[in-house]
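What follows is a single structure, written as structure tokens, with notes after it.
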Amino acid sequence: MLKEKQIVKGNIQFIDEDGNGVFYVGKDKVLVRHVFEKEQVQARIQKRIQKGYVAELIRVDQKHPGRIKPACPIFEKCGSCHLLHMDAKAQSDFKKNQLIKLCKDAKLPLQVKDILTMEEPYHYRNKMIIGFQKDRNRHIQAGFYEEFSHKIIPYKRCLLHPEICDEIVEEIVSLMEKLRIEPYEEDKRRGLLRHVLLRYGKQSGKIMVVLVINQNVFPARKNFVNALLHKFPNITTIVQNVNTRKTSVVLGDQERVLYGKGYIEDTLCGLKYRISSKSFYQINHEQTQVLYQTGIDMLELTGNEKVLDAYCGIGTIGMSMAHKVKQVIGVEINKDAVNDAIVNAKINDVKNIRFICDDASAYMKKAQQRKERFDVVIMDPPRSGSNEQFLSALVNMKPKQILYISCNPITQVRDMQYLKRFGYVGDAMQGVDMFPNTNHVETVVLLSKGEVDSKKI
Ligand code: SAH
């Protein structure tokens, strides 16, 4: 049994899927952040959790050559960036090795390619969610939510945000003080401003500000909006979102446009998109273009294909390849995203694409029942991955090619194991670093019908 605050030493055996370094003290498992495999470390025990003991890193005795000094003063506390202690090469090696291990453990014989990285891996996030609180002196602070908790970690500048967005947050804090707008207190369920969501159009430079408030009326609304617009002409729309529920979900259902059109516009892969507050939009503009191009290049297209873009968001993948195929159908559960997608097809004059608002699995089941066929199915599910209903309908539909794009290779590998049982196998896994400095990575795999492994069925 280890005690709280006890200092322990060890050699990092491996990094787990959450990015924790793991070492053992006798039989006790210790988890410590911001380390490399094989490093010799000293750590202070913080608490016991189901998996073992969580410890705080206090010293690295034998450093990995890729270790660097993290360029952020709140790196230890914040938890959003997991890998700022690694240089760029170490980060991409780390991500590639994680993928190799995943595929090996899952017995998927995929060749894991070198990760496609970003040249300037900072300031890439185009969406930010900020919370507010008061410090001991009753001054308002803006911050991020600590990983796995509701605690706000105050910040001034973030290495992942566009600088102008941090300036806007700073101005919002000063306006809150001036106009006496109280930050929402989760435990007491009082206060006005719960969160601010910012969306930044990388190509357009336009910014959307969503003010999430805890009641229907926003008393100092006019002054707040005017002052913000005056200082930041790049803000092209401001939306009031009402969320009075006891929930950690950021956005409520009701919205009111306070200024502008209520959405922003951006250009991606040469096409124009409108994006509303609740629609999903890939958070790294530059790498999304790399990701989509990689996926399109992996597919073998003749121009005659009927393509399903499942989990399509605002339609970006399907729209990017519509000119290379006969027809695309996009399926997406979020109705705001589907509305955006329909408008986006019109704006860009893409005529061979259609969007359906439905649960992807329910849609697949119905499509299978009416014997609808697709030559190519692109699937890009959320982190939880797909499910058996979707996958079983998919294999019954017998598409020639399945392009599986994922922001969580763990669930992707799980789903690919299922697909392999029905003969769908891939040659290679391509990682694209959409989230530099964090331990996340996006992956693309092209699957097609190979030999059915009858033993596994
Ligand atoms: N392909 C898009 C979006 C990927 S994110 C892009 O590249 O931008 C995953 C999307 O799946 C989100 O838009 C989310 O709203 C949607 N989604 C989540 N669960 C779903 C379900 N059960 N059925 C259909 N879409 C779903």
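The values are calculated or read from the model by the stated rules, or taken from the named source; none is laboratory data. Note that this is a predicted model, so its numbers are computed, not measured. All Cβ positions, glycine included, derive from the backbone under ideal geometry; neighbour counts span all protein chains shown. Ligands, DNA and RNA are stripped out before the accessible areas are found, and what is left, the full protein with its side chains, is counted by its heavy atoms. Shrake-Rupley method; radii C 1.70, N 1.55, O 1.52, S 1.80 Å.
Kindly indicate the residue of the range 314-333 that is over 17 Å from Phe390 (Cα atoms) and within 7 Å of the ligand (Cβ to nearest atom) and also surrounded by the fewest Cβ atoms within 10 Å (Cβ to Cβ) among those meeting that condition. Of everything passing the filter in the range 314-333, Thr316 is surrounded by the fewest Cβ atoms within 10 Å (Cβ to Cβ). Applying the condition of being in contact with a strand residue (DSSP E or B) (Cβ under 9 Å, 6 or more places away or on another chain) and small (Gly, Ala, Ser) to the range 363-392 and asking which residue is nearest to Lys324 (Cα to Cα) yields Ala367.
Can you tell me how many residues in the range 330-349 are touching a residue at least 40 places away in the same chain (Cβ under 8 Å) and part of a helix (DSSP H, G or I)?
Looking only at the range 330-349, we keep the residues that are touching a residue at least 40 places away in the same chain (Cβ under 8 Å), and these are 334, 336-337, 339-340, 343-344, 347-348.
Those left that are additionally part of a helix (DSSP H, G or I): 336-337, 339-340, 343-344, 347.
Count: 7.
Would you be able to say whether some residue in the range 23-31 is within 30 Å of the chain's Cα centre (by Cα), of a type in the set (A, V, I, L, M, F, W, C) and more than 27 Å from Gly143 (Cβ to Cβ)? Yes, there is a match, as at least one residue in the range 23-31 is within 30 Å of the chain's Cα centre (by Cα), of a type in the set (A, V, I, L, M, F, W, C) and more than 27 Å from Gly143 (Cβ to Cβ). So in the range 109-137, with the set limited to residues that are in a strand (DSSP E or B) and open to solvent by less than 40 Å² (accessible area, probe 1.4 Å), which one is farthest from His150 (Cα to Cα)? Filtering the range 109-137 for residues that are in a strand (DSSP E or B) and open to solvent by less than 40 Å² (accessible area, probe 1.4 Å), the one farthest from His150 (Cα to Cα) comes out as Val112. Scanning the range 300-313 for residues that are away from the ligand (no atom under 11 Å from the Cβ) and either open to solvent by 10 Å² or more (accessible area, probe 1.4 Å) or part of a helix (DSSP H, G or I) (or both) yields Glu300, Leu301, Thr302, Gly303, Asn304, Glu305, Lys306.
Listed residues Ala71, Ala106, Ala90, Ala55; which is loosely packed, with under 13 Cβ neighbours inside 10 Å and not charged (D, E, K, R)? Checking each option against the conditions leaves just Ala71. Residues in the range 425-441: is at least one touching a Gly at 6+ places or on another chain (Cβ under 7 Å) and either of a type in the set (D, E, K, R) or more than 16 Å from the ligand (Cβ to nearest atom) (or both)? Yes, the conditions are met somewhere in the range 425-441.
Give the residue, chosen from Gly26, Gly19, Gly10, that is open to solvent by less than 80 Å² (accessible area, probe 1.4 Å) and free of Cβ contacts under 8 Å to residues at least 12 places away in the same chain. I'd like the intermediate steps shown before the answer.
On the way: Gly19 fails: free of Cβ contacts under 8 Å to residues at least 12 places away in the same chain; Gly10 fails: free of Cβ contacts under 8 Å to residues at least 12 places away in the same chain.
Exactly one residue qualifies, and that residue is Gly26.
Does the range 340-354 contain at least one residue that is buried (at least 21 other Cβ atoms within 10 Å of the Cβ) and closer than 20 Å to Ser386 by Cα? No, the conditions are met nowhere in the range 340-354. Of everything listed in (1) closer than 28 Å to Phe435 by Cα; (2) assigned to a strand (DSSP E or B); (3) among the aliphatic types (A, V, I, L, M), the single unmet condition for Ile356 is (1).
Among the residues examined, Met416 does not qualify as free of Cβ contacts under 8 Å to residues at least 60 places away in the same chain and either near the ligand (Cβ under 10 Å from one of its atoms) or open to solvent by less than 70 Å² (accessible area, probe 1.4 Å) (or both). Would you confirm, using the coordinates I've provided, whether Ser406 is surrounded by fewer than 22 Cβ atoms within 10 Å (Cβ to Cβ), under 18 Å from the mean Cα position of the chain (by Cα) and within 13 Å of the ligand (Cβ to nearest atom)? Answer is no for this residue. Collect the residues in the range 251-288 that are among the aliphatic types (A, V, I, L, M) and either open to solvent by 50 Å² or more (accessible area, probe 1.4 Å) or under 21 Å from the mean Cα position of the chain (by Cα) (or both), keeping them in residue-number order. Matches in the range 251-288: Leu251, Val257, Ile264, Leu268, Ile275, Ile283.
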